[in-house]
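Data first, discussion second: the structure below is written as structure tokens.
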Amino acid sequence: MSKKLLCCAIMRHELEHLLREQNIDITYINAALHVDLDKLAQSVTNNLREIAGNNISLIIGNQCHPDMEQIAEEHGGRVIKAKSCIEMLLGEKMAELDAEAKTFYLTSGWLKNWRNIFMEGLGWDAVDARQNFGYYDRILLLDTGIVPIDDMTLLEFYDYAQVPVETMAVDLDNLRRLLKQLLNG
């Protein structure tokens, strides 16, 4: 019998890379749902009902929705031990990076979906983007090396946010460890 995962599509490529040789059924939810907590809760709940069964693992940050753990438990699931996809990748390194500068983090999945999330989902125009991103000293794009970073998309996002974007290579060790805990625990 295969294991069942419900995951945010932001981490799709990283998860498929790490889990490619395992017998796991993965269902993905739309990454842009994070901007509407009601729609996110509804999607997670509906997907958990459709997947049906006990011991469904959720690869969604436990702070992506304030009731994520409760929603999962009500349907026999459990959530990965990380606040967000960023923490899934960085682990304790995140606190170190936060101490350096006020940082907004992106993954390749976030970069790919930035228009859906910020422009369509949140309805931010260029002025809203500058007001919201203006708090940050930098935007840090976490590059796992799995998904090629499109330079034009990165430039368009910079033009929208108006905050310097730095790219940082990251490995999948922390995510691999969290998945092992979740799936074998």
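Structure above, values below:
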item	result
Region 149-161, subset touching a residue at least 40 places away in the same chain (Cβ under 8 Å) and under 23 Å from Cys8 (Cα atoms), residue least open to solvent (accessible area, probe 1.4 Å)	Phe157
Lone unmet requirement of (1) within 27 Å of Asp137 (Cα to Cα); (2) open to solvent by 50 Å² or more (accessible area, probe 1.4 Å); (3) not charged (D, E, K, R) for Gln70	(1)
Single unsatisfied condition, Asn23 versus (1) free of Cβ contacts under 8 Å to residues at least 40 places away in the same chain; (2) surrounded by 13 or more Cβ atoms within 10 Å (Cβ to Cβ)	(2)
Meets criteria (of a type in the set (Asp, Glu) and assigned to a strand (DSSP E or B)) for Asp25	yes
Residues satisfying the stated conditions in region 1-16, i.e. open to solvent by 70 Å² or more (accessible area, probe 1.4 Å) and under 12 Å from Val147 (Cβ atoms)	Arg12, His13, Glu16
Qualifying residues in region 125-145 (those that are free of Cβ contacts under 8 Å to residues at least 12 places away in the same chain and of a type in the set (S, T, N, Q)) - the one least open to solvent (accessible area, probe 1.4 Å)	Asn132
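The values are calculated or read from the model by the stated rules, or taken from the named source; none is laboratory data. Please read these numbers as outputs of a predicted model, since none were measured by experiment. With ideal geometry, Cβ positions are generated from the backbone for all residues, glycine too; neighbour counts draw on all protein chains shown. These accessible areas exclude ligands, DNA and RNA; they are computed on the full protein's heavy atoms, side chains included. Shrake-Rupley method; radii C 1.70, N 1.55, O 1.52, S 1.80 Å.
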